[in-house]
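Taken together, the values in this text are just the output of simple stated rules run on the coordinates, not laboratory data. Keep in mind that this is a model prediction, so the values were computed, not measured. Positions of Cβ are backbone-derived with ideal geometry, glycine not excepted, and every protein chain shown enters the neighbour counts.
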């Protein structure tokens, strides 16, 4: 049997994914392998196919019981003889499993690293034909990895004690070049084939939401994604319990997982999630490594993770079936404080003191990297890929930042004040002291340092903290400022020569009216689900229910029966014959024999009840894009400035009153012309000021606000009184229908090429 024949017979796939065939060929040729492949890229198949074709048995060292159990269930469903050896089995069950393995009943045995050290297992290994030892989640072997486990280091001792050295293979989804080298050296891989297939997960949509109202965001998100399976990660057990209880009160089917729960409760809650009894789980990072649930449609991070490795691995649990899925990180400044607190209490008892200090510094450096990820306005996907050593050349166009409505602001003056403050503080203090000084914070610590007597004290009091955070991130990125990588993260001056020579500091800022409770837009990447009609989706729902019923009856996770991608393919093709069904994605021979009949029945019944109904539509033909005069960084044609056609104006939704942000949204909704920039409040206000319909009123120290002139009042502008947090009165503009009509007519009259103020 060839590898390709085994792939089709047991797993139902017609071809290998990129990189898989190379790894399979290397292992079958007897070569050691180190493979770095993103979550969902099919790492398991890379060692399962060779295990089927090699003589004897393959040992797979896996860190988690749940992973072993899921993998064995999936292999058994596919007709592959496999077993696991872990603490859930009795000594008698272990002895029986090892006896069957010695007799050749299994091709693959999953085993925890701690099990390799037991006398019983070593006795078995001494007499068994072990052709390959595979180390899954291999980053656990490296002290520089994000999830180091001392038991992994003992794997080499086990291999050295075998009568004959087997083929060694190591697989991970998250390994920097430093960690890759550590894995290779620690396992003593011999001339290994190194394969890094890339870290990109094109089906995942990444977004960062800056919000203080995280509970509201999550509730709204779940309301807009009913029935979808997802994971919500929290930094602390307290947050897990609080959020799970809140969501349950709102009627969501949600469970929880963290190390503080009793073992039996954790097991039950995990199974409820895997078996779709509770499609949403709220958990700490104790949950998930090795979770192979294919239909996770979203991963929300309630708090910022401690490292890019952790974030990538946790977010990567979404969309393992290749269908579009979302990864949204909810960020607030408090997340940094929480994580520093947790890192300060991290246990390095098993490390040497010198190593412990180095690892702690590395953890703090990684935390800084995550903070910058949350602050960046650059492409989020590219930020992740760059961290792992890749060099993307264009923006992805489909992450939260690429599709977000950002406004570029000139913050050169504010940047100079930050640099001046760092200089006044003589590069001795970190972000909290610098920004506290600039905002004129009334803190005893600042008075103790004499910061309240500095020239820069309070100079940026009126600038929002989020703006300062983004500006500081930009200054660090541009090299104007440097930050130490120790626990104090002190700010120093970098090379400020360009700034002294007149360079500008331009920062992308989100719109002034932040949609606090609006989830990130859905990914725009096409999938087979996009082709299903209403009837196709109805059939899909019926097939999902059938899958759930079968899974309940057999005590299996639904995705082991068939993944969502397989069900969608059934709806697209509506198979009527054995040949048709065997061509369905993921339909191996064993699954056909065991499960095809009831799915045939449901599909046939639906088609009989709805004769001639279209289950899917052919994909729309994409028209070749006209060459752009001036391509942007992302390669997309540049947008034209905002304008309205006469027909658009008729569609404008007039209301009794609009704030500036509401007016902006109404204008954007009315516009039908593709590829136009969103209107901006700034452009509207600048035009009104130019027409002398509004005038400026300045705050005593810094900043200003607009008020209507008498002419503006006649035009329908109104002034609504507000009070700042410090008790200072000001006002905001309110637009009556007359003012709304004035603005609409202004944008109708403007030609796209003439509207340069937006």
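Just checking my list (1) 18; (2) 28; (3) 32 against percent of Cα pairs over 54 Å apart computed from this structure; which label fits?
Entry (1).
Determine, for each peptide in 559-569, 489-499, the mean count of other beta carbons within 10 angstrom over its residues, then list the peptides with the highest first.
The most tightly packed comes first, giving 559-569, 489-499.
In degrees between 0 and 90, to the nearest 10, how far off the longest principal axis of the chain does helix 43-53 point, with axes built from Cα atoms?
Compared with the principal axis, the helix lies near 10 degrees.
If each residue of separation counts as 0.36 nm, what is the full-extension length gain between residue 580 and residue 341 once their alpha-carbon separation is subtracted?
80.3 nm
Angle between the Cα long axis of helix 534-554 and the longest principal axis of the chain, 0 to 90 degrees, nearest 10?
Approximately 40 degrees, to the nearest 10.
Quick check: Cα centre of segment 639-699 to Cα centre of segment 266-328, how many Å?
That distance is 41 Å.
How many nm separate the modelled label positions at residue 129 and residue 1, each set 7 Å beyond the Cα in the direction of the Cβ?
Each label point is offset 7 Å from its Cα along the Cβ direction, giving 1.6 nm.
Could you work out how much longer the chain between residue 185 and residue 748 gets when fully extended? Use 0.36 nm per residue separation minus the Cα distance between them, nm to one decimal.
195.9 nm
Just want to confirm a number: the relative contact order over the chain, from Cα pairs under 8 angstrom separated by 6+ residues, in percent.
Relative CO of the chain lands at 11 percent.
Once the principal axes of the Cα atoms of segment 407-509 are found, what is the range along each, listed largest first in whole angstroms?
35, 29, 24
Which FRET efficiency, nearest 0.05, do residue 194 and residue 692 yield, Cβ-Cβ r, R0 60 Å?
0.30
When DSSP assigns beta bridges and you keep just the ones with both residues in the chain, what percent turn out antiparallel, to the nearest 5?
30
If we count other beta carbons within 10 Å of each Cβ, what is the order of 528, 587, fewest first?
Exposure proxy ranking, most exposed first: 528, 587.
Compute the FRET efficiency between residue 403 and residue 151 as 1/(1 + (r/R0)^6), taking r as their Cβ-Cβ distance and R0 = 56 Å, and round to the nearest 0.05.
The calculated FRET efficiency here is 0.80.
Sorting 33, 153 on the 10 Å Cβ count, fewest up front, what's the list?
The fewest-first ordering by Cβ neighbours comes to 153, 33.
If each of residue 224 and residue 609 carries a label point 7 Å out from its Cα toward its Cβ, how far apart are those two points in nm?
Rounded to a tenth, the inter-label distance reads 3.2 nm.
Report, to the nearest 10°, how far helix 91-102 tilts away from the longest principal axis of the Cα atoms in the chain, using its own Cα long axis and a range of 0 to 90°.
70
At a 10 Å Cβ-Cβ cut-off, how would you order 195, 329, 156, 663, fewest neighbours first?
Neighbour counts put them in this order, fewest first: 156, 195, 663, 329.
Order of 206-216, 468-478, 183-193 by packing, highest average Cβ count within 10 Å first?
The most tightly packed comes first, giving 468-478, 206-216, 183-193.
Bins of 5 Å, beginning at zero and ending with the bin holding the largest distance: percent of Cα pairs per bin for segment 3-196, please.
Bin by bin from 0 Å, the calculated values are 1, 8, 17, 21, 23, 16, 10, 3, 0.
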